[in-house]
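The values are calculated or read from the model by the stated rules, or taken from the named source; none is laboratory data. Just so it is clear, the structure is predicted and the values come from calculations on it, not from any experiment. Glycine gets a Cβ as well: all are built from the backbone with ideal geometry, and neighbour counts include every protein chain shown. These area figures cover heavy atoms from the full protein model, side chains too; ligands, DNA and RNA do not enter into them. Shrake-Rupley method; radii C 1.70, N 1.55, O 1.52, S 1.80 Å.
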Amino acid sequence: MPAFDDLLNQILSGNPKIGRDELLTMIQRKKEESHGLLSDEGAIRLLAQQLSVPPTAGPDLKDQRISSVHAGLNDSTITGHVVSVSDVHEFQRSDGTQGKVLRVRVGDVSGQITSVFWDSLADTVAREALTPGSQVRLLHGYTKFGRAGEVEFHLGSRANIQILRRAQYQGFATDNVPGPAAKVGSSDLLRVRLLKLQKSQSEQGPTWALCSSKAGLMIAKFWDNQAQNVLELGEGSLITIENHWVTEKNGLAYVNVGSRATVKKESTDFVPDIPLANIDSLQVGQSLWSVKGKIAERGDVREIETKEGRRTRVSNIQLDDGTGRIRVSLWDTHAQKTETLKTGDTVRLVGIKVRENMNGEKEASTVFLTQLEKS
């Protein structure tokens, strides 16, 4: 146990009044007080902090294993691979200031932990567009119990992140499926029409775009100087994109356009009309779909709380196009629009996500860029 021995020697060197046997007894007592939650390494790290011994003082001291992380650490560093990444969530603090938070699930050979990035660091991580499998080092974090009772690794103003290795998402495809199954690779030249644009509330956040191409529908995120550039181009513009990269999150693929990318406005109308898919041909996957049908049933608008603690609204409709029927969950602003709809109305939904529910049935839901039109 090199890390344990290094810390043991550091504590003894910095605290000459404490003997080795006494220190080992203190470590054992810490483990007993935790009711079995602390390992030897976790207990000695906690003691080192309480005795003002810097955890990184030793030249050969390794990062902490995730399985040894426990609540109460004030300066800890871990290394692991990215499992999942959330979006940036903005909130208002009790003093009236705006805050931001982003969560990244990180794992190593010993276990997994949720890391929580705050404020400017949340924006920094969002801009990096990390993909599952990327290797990161999280420095100078503190730990505490989260809302679900699990230990979380928090990174605030004094923390930092090092990206040791990027795992690039290599594109996605749905083969032999009729409809808008987009196929995008990181080296492709993209030709798209900007259907809908939405700027992030964060100054450093991206501009989101729902786009159509010959391959189908996709969502693009324009970062840095491109965020304002694409807003100036405007909805309906036809553009080409070079030197982008593709990431995947929550079952969808995203095209990312940063400062190194080239975006040009085109005059030739090379993008065809948005193809409509039959409901019976919809497939689960990373693609977005467009459908048109009559509302067979319409549920009431309900207000719910998400697992992140955000209040939102949702309404469900049953959509029928003659080839099949599917339940569509309409979220946020889309849910509000259902109050103006009634059974028998014909609607077109551009950019819905299809998944499989617990009963093995296909169902769809809107994303925040989905277009809902009443025919």
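Here are some notes:
- Sites Arg137 and Thr323 - FRET efficiency at Förster radius 56 Å, r taken between beta-carbons, to 0.05: 0.65
- Cα coordinate range in the stretch 309-371, projected on the principal axes (Å, largest first): 35, 28, 18
- Most fluctuating residue given options Trp208, Trp331, Trp289, as computed from a GNM of the chain linking Cα atoms under 10 Å: Trp331
- Under a Gaussian network description of the chain, with springs only between Cα atoms under 10 Å, the residue in Pro275, Pro16, Pro132 that fluctuates furthest is Pro16.
- Cα pair distances in the stretch 224-304, grouped into 10 Å bins until the bin that holds the longest one, percent each: 12, 29, 34, 19, 5
- Converting the Cα gyration tensor eigenvalues of the chain into ellipsoid dimensions via √(5λ) gives semi-axes, longest first, of 48, 23, 18 Å.
- With the simple spin-label model, which puts each label point 7 Å out from Cα in the Cβ direction, the Gln371 to Glu305 separation comes to 3.7 nm.
- Using R0 = 25 Å, the C-beta based FRET efficiency linking Arg147 and Ser120 works out to 0.60.
- Relative frequency of Cα-Cα separations exceeding 15 Å in the stretch 89-129, percent: 50 percent
- Under 14 Å, Cβ to Cβ, from Gln336 - net charge with Lys/Arg +1 and Asp/Glu -1: +2
- Per residue accessible area of the chain, 1.4 Å probe, in Å²: 50 Å²
- Relative contact order (%) - the chain, alpha-carbon pairs under 8 angstrom, separation at least six: 10 percent
- Rounded percent of accessible protein surface that carbon and sulfur make up, the chain, 1.4 Å probe: 45 percent
- Between the beta carbons of Ser94 and Asp332, assuming R0 = 22 Å, the FRET efficiency works out to 0.30 to the nearest 0.05.
- Formal net charge of residues neighbouring Arg298 (Cβ-Cβ distance under 9 Å; K, R +1; D, E -1): -2
- Dipole of the chain computed with +1 at Lys/Arg Cβ and -1 at Asp/Glu Cβ about the Cα centre; of Ser202, Gln64, Ala227, farthest Cα towards the positive end is Ala227.
- Student exercise, the chain dipole from Lys, Arg, Asp, Glu Cβ charges, in Debye to nearest 20: 460 debye
- Residue list for the stretch 295-335, given a label point 7 angstrom along the Cα-to-Cβ vector of Gln283 and an amide N cut-off under 20 Å: 323-327
- Acute angle (nearest 10 degrees) that the helix 2-14 long axis makes with the longest principal axis of the chain, alpha-carbon atoms: 50 degrees
- Relative to the longest principal axis of the Cα atoms of the chain, helix 20-33 runs at roughly 40 degrees.
- For Asn15, net neighbour charge (Lys/Arg +1, Asp/Glu -1) across residues whose Cβ lies under 14 Å away: 0
- Per the Kirkwood formula applied to alpha carbons, the stretch 200-350 shows a radius of gyration over Rh ratio, Rg over Rh, of 1.00.
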